[in-house]
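One structure below.
What follows is calculated from the coordinates using simple rules that are stated; it is not laboratory data. Since the structure is predicted, the reported quantities are computational estimates derived from the model, not experimental observations. We place every Cβ from the backbone using ideal geometry, glycine too, and count neighbours over all the protein chains shown.
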Amino acid sequence: MAERSTQPKSTDSTARFRFHRGLLAQLGVVGAFSSYPFLIFVSDNRGAGIGIGEVIHFPAALALLGSSAVLIAWQARGSSGADRTTVAFAAAIFASFNYDNLTIALEPLDLSVRALVATWSVLTTMIVVAAVILATRRATMAYVLIVGTALTVLPALQLGTFHATNAKADPLDGSADAGRAFKRRPDIYYFMPDAYARADQLREQVGFDNEDFLAELRGRGFSVNDTAYASYPLTYVSVPSVLEMDYMAEPGNNVLVSRDRFYEVLRGDSALVNRLRGEGYAHVQAPPGTWGGSKCDGSEDLCVDPIAEGVLGARLGEVHWSLLDLTPAATLLERFFSEELIHPIADPSHVVRTIEAAELDRPVFAFVHMLQTHPPFHVDAHCQSVEGSQDLTEWSEESKPNYVDTVRCVNRQLLAAIDVIDPAAVVVIQSDHGTEYDIPWDDLSSWDDNVIEQRLSVLNAVRLPRGCRELVQPPPSGVNTFRLVVACLEARTPDLLPQRNFIASYRSEQVIELAPR
């Protein structure tokens with residue numbers, strides 16, 4: 001007769017419970033540390049229209065990698081091995097996503113890139129080794145889980161509160177939503193060279209004389225406004241106001257809480273596009289490829305992708321690069337794969353050819369966002385791709401020749417496109433803002449006339465059909481540009497808004513109106 005076991009019947013179930021509890025804690029740590037950097041990033045940029053959906057694949061990939069490592073460690077080393085793997089993973093993530101903070105702290109030492117990466121590597125190794133040693137203590141896993149949960153929950157709560165308290169804004173009533181029937185329906189091209197300064201500011205800021213290009217434009221029937229101003233110093237407010245034909249941000253302290261409505265206008269839900277659609281126009285969107293604000297969203301009739309030479313540059317947008325810049329990955333990519341990081345560009349001639357090939361059989365309105373003249377500068381004066389920094393804020397004395405080269409390139413590209421566009425077409429060339437040399441973004445109250453002139457002075461050139469060209473005397477600026485265009489097509493006197501100018505910062509939600517200029 002077999003002997004009865006002297007072990008309690010609950011032993012197996014207790015072991016299973018401990019196994020599941022331990023594994024759940026380990027996977028919880030992996031999930032928390034895989035998620036928290038991205039939740040913080042989205043929370044910090046919650047007003048910029050960046051959603052968790054744009055970055056979800058990153059934490060998902062990290063969580064899959066970390067979970068696989070933990071499960072393998074369980075099989076090979078049991079609970080203690082899985083604990084060490086979990087804590088090491090958490091420490092590595094924490095160290096990696098604080099690389100940018102390390103570079104800021106070490107900035108006074110003026111270390112080379114190699115020295116920075118080496119310093120980070122040594123510190124990360126020390127942190128991971130210390131974490132593995134501490135993982136042998138029973139309380140370590142609980143502490144790490146608490147820290148990971150806190151790091152995850154706090155930005156998640158901030159995001160939830162933000163979305164709960166910031167309802168979607170209603171569209172503004174565009175002045176041209178309804179009006180007279182168009183008397184003519186030419187194609188309309190809006191070329192928007194980002195950060196292209198007005199001629200006087202090009203001379204003052206970078207020592208470049210742009211008069212030859214402006215003379216070429218005038219010779220092709222353009223009216224050039226030598227005193228044009230943007231209404232706002234920020235792309236995501238300035239250009240939507242042009243497309244909405246109205247001032248989209250009134251002065252106040254909590255005006256720029258969310259970019260959602262501005263981005264909707266940039267992507268086609270504007271008073272201008274809606275008016276043109278009512279007249280049978282097709283909407284063509286030509287985004288720059290690296291900034292999501294003006295990307296195609298499916299509402300357009302034709303999306304013209306930018307020309308891409310660099311494999312990585314075509315796939316890494318501003319959001320992706322900003323995330324990578326938190327880690328040493330950005331530094332390593334720049335050092336070893338700089339040629340593959342060359343940014344795509346929206347070439348106006350390519351846009352015109354693509355529209356012609358599409359045979360849309362109706363007039364078109366094409367919005368072409370050109371980032372060539374905005375850092376990072378990746379073309380020379382002859383529009384040949386060059387390797388360069390990935391710094392989106394590279395407005396330095398050293399980069400001024402690069403900026404001049406990109407202006408020369410854009411001039412070439414614009415003239416080439418204009419020469420193949422139907423001569424009867426309306427063509428608008430209007431930038432969003434000027435340059436950004438020593439702009440005090442953290443203190444709007446310190447903006448003097450020199451700063452305001454630099455940032456708000458823009459290129460503005462308009463070619464209307466011959467019967468309307470007298471309407472541009474004096475030429476319009478800012479929100480009035482397409483009010484003028486619509487009035488021309490309706491064969492009436494334009495109803496222009498008073499010129500108003502505002503200042504604002506990417507780092508605050510405040511908008512301040514300036515005295516009339």
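Side notes on the structure shown:
- Region 18-165 shape via C-alpha gyration tensor axes, a/c threshold 1.5: oblate
- Taken one residue at a time, the phi angles of region 495-508 give Karplus couplings (6.51, -1.76, 1.60, θ = phi - 60°) of 9, 8, 7, x, 6, 10, 10, 9, 10, 7, 10, 5, 9, 8 Hz. Gly and Pro are set to x.
- Placed amide H near D347: partners under 5 Å, 5+ positions off or other chain: I307
- Packing-based order for 199-210, 427-438, 152-163, using average beta carbon neighbours within 10 Å, highest first: 427-438, 199-210, 152-163
- With neighbours defined as other Cβ atoms within 10 Å of a residue's Cβ, the residues F213, F191 order from fewest to most as F213, F191.
- The ranking of D269, D194, D448 by Cβ neighbour count inside 10 Å, starting from the fewest, reads D448, D269, D194.
- Helix-only CD estimate at 222 nm, as mean residue ellipticity for the chain, using -39500 (n - 2.57) per DSSP H run (n ≥ 4): -15000 deg cm²/dmol
- Axial C-alpha extent at least 20 Å, average Kyte-Doolittle at least -1.0 - helices from the chain (DSSP): 11-44, 57-96, 113-134, 140-165, 400-418
- The stretch between C296 and D226, if pulled fully straight at 0.36 nm per residue, gains 22.0 nm over its current Cα-Cα span.
- If you take the Cα centroid of region 97-136 and the Cα centroid of region 410-450, the two points sit 41 Å apart.
- Across the chain, the mean sequence separation of Cα contacts (distance under 8 Å, 6 or more residues apart), normalised by length, yields a relative contact order of 20 percent.
- Shape call, the chain: gyration tensor on alpha carbons, a/c limit 1.5: prolate
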